[in-house]
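**Q** After the structure tokens below, expect a handful of questions from me.
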Amino acid sequence: MPTSDEHSSDPHRPVLAIHGGCGAIPRASLTPEANAAARNALRRALETGYALLDAGGSAVDAVAAAVQVMEDDPVFNAGYGAALNRAGVHELDASLMDGATGRAGAIAGARRIRHPVRVARALAEVSDPLLLIGEAADAWAGEHGFEPVENAFFTTPARQEALQKMLEREQSGTTAGATEQEKHGTVGAVALDRHGHLAAATSTGGYTAKPAGRVGDSPIIGAGTWADDRTCAISGTGKGELFIRVAAGHDLHARMLYGGQTLAQAAEELIHGTLTALGGGGAGLCAVDRHGNVVLPYNTEGMYRGFITGDQLYVAIHED
Ligand code: ASP
């Protein structure tokens, strides 16, 4: 992958990096149409977020905008087109963290919030409460001017089919054969702005046929999302339970802050060392450090991913 290292000496040069989940469609079954749709969606998210950074906007603005574009796109498992739980309901998780202030906001198990990242952002502004669940999250969003949608708004034929298939796999005892793509996905964004500030945001429907009430890493600050201007901003994707068990987001930051590791070393050890060694599910992330270096590691067959700077736009799904 091309790197953005050449920008490392200029902290005021903005960078935005995103992922659309490490549950990428296997290369062999990715049709040219699906390939183009995913790449276009990634490009749109990058360009939307970058336009704000370029105009001097904050990293918080950029990550929220990039994630919102992906929440609107049914290619990704977040917002419209999110995965269905085993009861056939969408329960949405999202979070956002501002590296400049340490403020953070999150929702889990929301059923009626069209753009979960917008509500996570609004909660980050108050940071108390920081994390709201289920009906309380939906109600808070309604009280703060976010128009509610019916839960069925998020449903697409592809997600209904995926649920059906996963339930059949359970019946026939073949869930082990399910691809990462059949299981999950998530979207996330990290950014460095012109003022040297970092932010991260993540949004997901979790995984197909998850138990009702199951909460993954995406809304857990320190697990699926973390940002601190002293080190890095990170958004994770993959088996959320693993990210929670190792406090993945905070682990990356701590490796850099206390262990003196570079972002590249810390991310390599976290994904290909710690999380891979636990087994039981794929893992990937996007992260940017305070110098503007970007990493996009994953241990699955592919991860929807990309980054953008003033003179580079990179999008990819599988290994180049
Ligand atoms: N991390 C998400 C979760 O466990 C799913 C994913 O990224 O694929 O909810």
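**Q** Before I look further, what does the stretch 219-291 give for accessible area per residue, probe 1.4 Å, in whole square angstrom?
**A** Numbers: 2510 Å² over 73 residues.
Accessible surface, normalised per residue, equals 34 Å².
**Q** Let me ask you something else. Please give the charge dipole size of the stretch 201-320, origin at the Cα centre, charges +1 on K and R Cβ atoms and -1 on D and E Cβ atoms. Round to the nearest 20 debye. Mind dumping the intermediate values first?
**A** Values: 8 positive and 12 negative charges, 84 e Å.
Magnitude of the dipole: close to 400 debye.
**Q** Between residue 39 and residue 265, 0.36 nm times their residue separation minus their Cα-Cα distance comes to what?
**A** Numbers: separation 226, 0.36 × 226 = 81.36 nm, distance 2.77 nm.
Taking 0.36 nm per residue and subtracting the Cα distance, the gain is 78.6 nm.
**Q** In whole Hz and in residue order, list the ³J(HN,Hα) couplings for the stretch 270-275 that follow from phi through the Karplus curve 6.51 cos²θ - 1.76 cosθ + 1.60, θ = phi - 60°; x for Gly and Pro.
**A** Using θ = phi - 60°, the values come out as 5, 6, 8, x, 3, 6 Hz.
**Q** Further question on the same structure: For the chain, modelled as a GNM with alpha-carbon contacts under 10 angstrom, which of 117, 15, 75 fluctuates the most?
**A** Answer for the Gaussian network model of the chain: 75.
**Q** Quick one: dipole size for the stretch 1-133, taken about the Cα centre, charges +1 on Lys/Arg Cβ and -1 on Asp/Glu Cβ, in debye to the nearest 20. Present the calculation step by step, with values, prior to reporting the outcome.
**A** Working: 12 positive and 15 negative charges, 99 e Å.
The dipole of the stretch 1-133 has a size of about 480 debye.
**Q** At q = 0.09, 0.13, 0.14, 0.18 Å⁻¹, what is the base-10 log of I(q)/I(0) for the stretch 191-320 according to the Debye formula with one equal point scatterer per Cα and no solvent? Please give it to two decimals.
**A** -0.24, -0.50, -0.58, -0.96
**Q** From the backbone phi of the stretch 72-86, what are the Karplus-calculated ³J(HN,Hα) couplings (6.51 cos²θ - 1.76 cosθ + 1.60, θ = phi - 60°) in whole Hz, Gly and Pro given as x?
**A** So the Karplus estimates, Gly and Pro as x, are 7, 9, x, 4, 10, 8, 6, x, 4, x, 6, 5, 9, 7, 5 Hz.
**Q** Picking from 149, 67, 119, which is most flexible by a Gaussian network model of the chain using Cα springs under 10 Å?
**A** Maximum among the listed residues: 149.
**Q** Could you tell me how far the Cα centroid of the stretch 224-279 sits from the Cα centroid of the stretch 150-217, in Å?
**A** 20 Å
**Q** Give, to the nearest whole percent, the P(r) tail of the stretch 195-240 beyond 15 angstrom, counting all Cα pairs. Present the calculation step by step, with values, prior to reporting the outcome.
**A** Details: 470 of 1035 pairs.
It works out to 45 percent of all Cα pairs.
**Q** For residue 45, what charge total do you get from the other residues with a beta carbon under 12 Å from its beta carbon, if Lys and Arg give +1 and Asp and Glu give -1? Numbers along the way, then the final one.
**A** Working: positive: 39, 43, 44, 305; negative: 47, 71, 72, 73.
My count for the surroundings of residue 45 gives 0.
**Q** A further question follows. Helix-derived [θ] at 222 nm for the chain: sum -39500 (n - 2.57) over DSSP H runs of at least 4, divide by residue count, nearest 500? Walk me through the intermediate numbers first.
**A** On the way: 9 runs with 99 residues, N = 320.
Result for the chain, helices only: -9500 deg cm²/dmol.
**Q** Of the options 36, 218, 90, report the single residue whose Cα projects farthest towards the positive end of the charge dipole of the chain (beta-carbon charges: Lys, Arg +1; Asp, Glu -1).
**A** Farthest towards the positive pole: 90.
**Q** Next question, about the same structure. Could you order the peptides 26-32, 228-234 from most to least packed, using the average number of other C-beta atoms within 10 Å per residue? Don't skip to the end; give the middle numbers.
**A** Numbers: 26-32: 10.4, 228-234: 24.7.
Final packing ranking: 228-234, 26-32.
**Q** Same structure again: How many percent of Cα pairs in the chain exceed 26 Å?
**A** Details: 19290 of 51040 pairs.
Value for the chain: 38 percent of Cα pairs lie more than 26 Å apart.
**Q** Among 115, 195, what's the order by accessible area (1.4 angstrom probe), most exposed first?
**A** Numbers: 115 20, 195 105 Å².
Largest to smallest exposure gives the sequence 195, 115.
**Q** Mind listing the phi-derived Karplus ³J(HN,Hα) values for the stretch 168-174, rounded to whole Hz, using 6.51, -1.76 and 1.60 with θ = phi - 60°, and x for any glycine or proline?
**A** 5, 4, 5, 4, 8, x, 10
**Q** Name the long-range amide H neighbours of residue 317: under 5 Å, sequence gap of 5 or more, or other chain; modelled H, no Pro or chain starts.
**A** For residue 317, no residues qualify.
**Q** For the chain, which whole percent of the accessible surface, found with a 1.4 angstrom probe, sits on carbon and sulfur atoms?
**A** Values: 6220 of 12150 Å².
Answer for the chain is 51 percent, counting heavy atoms of protein chains only.
**Q** For the modelled label position 7 Å from the Cα of residue 54 along Cα-to-Cβ, which residues of the stretch 284-320 have backbone nitrogen atoms closer than 17 Å?
**A** Answer for this model: 307-315.
**Q** What residue among 309, 279, 298 has its Cα farthest toward the positive end of the dipole of the chain, where the charges are +1 on Lys, Arg and -1 on Asp, Glu, each on the Cβ?
**A** It is 279.
**Q** Return the whole-Å distance between the Cα centroid of the stretch 56-77 and the Cα centroid of the stretch 81-118.
**A** 13 Å
**Q** At what distance in nm do the modelled label points of residue 195 and residue 212 sit from each other, each positioned 7 Å from its Cα along Cα→Cβ?
**A** 4.4 nm
**Q** What whole-number value in Å² describes the accessible area per residue of the stretch 13-99 for a 1.4 Å probe?
**A** Working: 2640 Å² over 87 residues.
Counting only protein heavy atoms, the per-residue value for the stretch 13-99 is 30 Å².
**Q** Still on this structure, I have one more. Treat each spin label as a single point 7 Å out from the Cα along the C-beta direction, and report the residue 311 to residue 172 distance in nm.
**A** Distance between the two pseudo-spin positions: 5.4 nm.
The values are calculated or read from the model by the stated rules, or taken from the named source; none is laboratory data. Treat the numbers as computed from the prediction; the structure is a model and nothing was measured. FYI the Cβ positions are ideal-geometry reconstructions off the backbone, even for glycines, and counts take in every protein chain you see. Accessible surface is based on the protein model in full, side chains and every heavy atom, while ligands, DNA and RNA are left aside. Shrake-Rupley method; radii C 1.70, N 1.55, O 1.52, S 1.80 Å.
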